[in-house]
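Novice: Below is a structure I'd like to ask you about.
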C-alpha cells in the first residue's frame, strides 16, 4: 500500500470517527481491513480473467443513444471511454455528446473519431454556450437523441465490449430499465477494485442508497414521461430520476444484468475516489428520497446513516392505525430498540408493504437473522448471517432496510388483512404475502437479542 492510499484511509477514518464516535470507527476500521483484502483478491482475479465475450454480439434492430454529458474531463480518460464504445460487439447505436467545457479540446478529440470512415463511430456533438451542470448537460444530450433507449455514461469512465449487447438482450426480454454490475478502476495503480454486485430491483434498498448507479439504460419515452434530470439534484440526479422512474415503470420491466460491464474511474474529483469531493451529492441524495415520499403523501424523516450516501427512513406511526397490523415477537427475545413497535408499525403507511421483519442477534452480538434467501443450490440461508451486528456488511447492505425473500417468524409485523397467511415457516409465510402483491421488508436497525 502506497503513502497516498494510507493518507486517504486515515482521512476517511478520521471523518468517520468525527461523525460516529470511536467505537463505531473501530468496527469500521476492522471491516475496512477485510474490504482491502477483498479488493486485492478481486484485482488479481480481473487480471487473470480471459476475454470471454461473444464477439458477434446481439443483432441490430434496437437503436440506442449513448448519452455523454461532458465538462473538462482528462482527455486521455475521455478518449479511453470512446475507445471502449468503439470496441462494442453491438453496433446499432449513436453517441450523443453535450459539451459544457469552455475550450475546444473535446471537439478536437471527437473529430478524430467522427471524421475517420474506417472507425465508423456515429457521433452527435453539441457544444453548449455555457456549462449547465451534470443534469442540464445531460438533458441537452437527451434532446438530440434519436434512440429508442438511452444509455447514460460518465465522461471519464469506460465499459466492457459486451455492455451494449447484454443490455439489448435484456431489452428484448421486455425491459424498460436495464442496469448492470460495476466496479471501480484505479488508474494510478492500474487495478480494478470495489466490485458492486447488485441485487435485482429492490425498492427499499434504493430508498436507502442509489445501489443501481452505473450502467443505466432507460427507454427514452419513460425518461421524457418522468421529466428528464432535475438540476437541483445535481450529484444525485440519477438517484432522483430512478426513484421517479420507479413510480411509472412496472417493476417486472426493470431488469438487472448480473455482469460487471461498467468501470467507474477513480479520480480526486469523483465520489468514487474522494467522498469529500462532492458532499452536496449526499445531501441531494437525501433530498431525492424525501421528495419521493412527498410525492406519495407519506410523512417520513430521512436520516443520514453512518456511511455517506446511505440513508434510513423513519416513518410516522401516527399515519397507521395500531389495529391495522399485528406484531409477533418471540418472548425469548429482548428488544434493543426501545421504540420497535412504532418503527415496525410505521412501515404500513406504505400500502404495498405486507410484512416487516427485524434483525435478531445472539448473546455474543452475532447476527442470527437479517433476512433470508435461497442460494444457487436452492438452500435457505440467512443474509449476512453470523457477522457482528456492528458491521455493516457488503456494500453496507447488512445495515440497510431492504426487500428480502423471507424474514424471521420470531420478530415481525404483518398487515392485519394478511393474518390468515401466517405460517410457522418463514418462506411459506413470505411467499404467501408476495403472492397477494405485497412486499417483504427487513429493517436491520430494529434489533432483538436472544435472552
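We did not get these values from a lab; they are worked out from the coordinates using the rules stated. Since the structure is predicted, the reported quantities are computational estimates derived from the model, not experimental observations.
Novice: In whole angstrom, how long is each semi-axis of the equivalent ellipsoid of region 288-384, when you take the square root of 5 times every eigenvalue of its Cα gyration tensor and sort them from largest down?
Specialist: Values: eigenvalues 130, 68, 48 Å².
One finds semi-axes of 26, 18, 16 Å for region 288-384.
Novice: Which whole-number percentage describes the relative contact order of the chain, with Cα contacts under 8 Å and a sequence gap of 6 or more? Mind dumping the intermediate values first?
Specialist: Numbers: 886 pairs, mean separation 58.6, N = 451.
13 percent.
Novice: Would you please state the base-10 log of I(q)/I(0) at q = 0.17, 0.28 1/Å for region 115-185, with intensities from the Debye formula using one equal scatterer on every alpha carbon?
Specialist: -0.90, -1.33
Novice: To the nearest 500 deg cm²/dmol, what mean residue ellipticity at 222 nm is calculated for the chain from DSSP H runs of n ≥ 4 alone, each contributing -39,500 (n - 2.57), summed and divided by the residues?
Specialist: On the way: 12 runs with 146 residues, N = 451.
It lands at -10000 deg cm²/dmol.
Novice: How long are the semi-axes of the equivalent ellipsoid of region 305-448, defined as square roots of 5 times the Cα gyration tensor eigenvalues? Whole Å, largest first.
Specialist: On the way: eigenvalues 93, 69, 45 Å².
One finds semi-axes of 22, 19, 15 Å for region 305-448.
Novice: Output the antiparallel fraction of DSSP beta bridges having both residues in region 345-449, as a percent to the nearest 5. If you can, show how the numbers build up before the last one.
Specialist: On the way: 12 of 20 bridges.
Around 60 percent antiparallel, to the nearest 5.
Novice: Restricting the count to DSSP beta bridges whose residues both fall in the chain, what percent are antiparallel, rounded to a multiple of 5? Intermediate results must be reported in sequence, preceding the final value.
Specialist: On the way: 38 of 71 bridges.
Around 55 percent antiparallel, to the nearest 5.
Novice: Under Stokes-Einstein, with the Kirkwood radius over Cα pairs standing in for Rh, what whole-number D in µm²/s applies to region 216-370 at 37 °C and 0.692 mPa s?
Specialist: Values: Rh = 18.6 Å.
Answer from the Stokes-Einstein relation: 176 µm²/s.
Novice: Follow-up. With a ≥ b ≥ c taken as the square roots of the eigenvalues of the C-alpha gyration tensor of region 64-284, please select rounded if a/c is under 1.5 and otherwise prolate if a/b is larger than b/c or oblate if it is not?
Specialist: Working: a/c = 1.29, a/b = 1.19, b/c = 1.09.
Cα axes put region 64-284 in the rounded bin.
Novice: So, one more: Hey, what angle do you get for helix 75-86 against the long axis of the chain, alpha-carbon based, 0 to 90 degrees rounded to 10?
Specialist: 80 degrees
Novice: Sticking with this one: Among (i) -0.78, -1.43; (ii) -0.81, -1.25; (iii) -0.90, -1.21, which is the computed log10 I(q)/I(0) by the Debye sum over Cα atoms at q = 0.10, 0.14 Å⁻¹?
Specialist: Of the listed options (i) -0.78, -1.43; (ii) -0.81, -1.25; (iii) -0.90, -1.21, (i) comes from this structure.
Novice: If you fit an axis through the alpha-carbon atoms of helix 133-144 and take the longest principal axis of the Cα set of the chain, what angle between them do you get, 0 to 90°, nearest 10?
Specialist: Approximately 60 degrees, to the nearest ten.
Novice: Could you state the angle between the C-alpha long axis of helix 237-246 and the longest principal axis of the C-alpha atoms of the chain, as a value from 0 to 90 degrees rounded to the nearest 10?
Specialist: 60 degrees
Novice: Below 8 Å between Cα atoms, with a sequence gap of 6+, how large is the relative contact order for region 316-450 in percent?
Specialist: On the way: 290 pairs, mean separation 50.2, N = 135.
So the answer I get is 37 percent.
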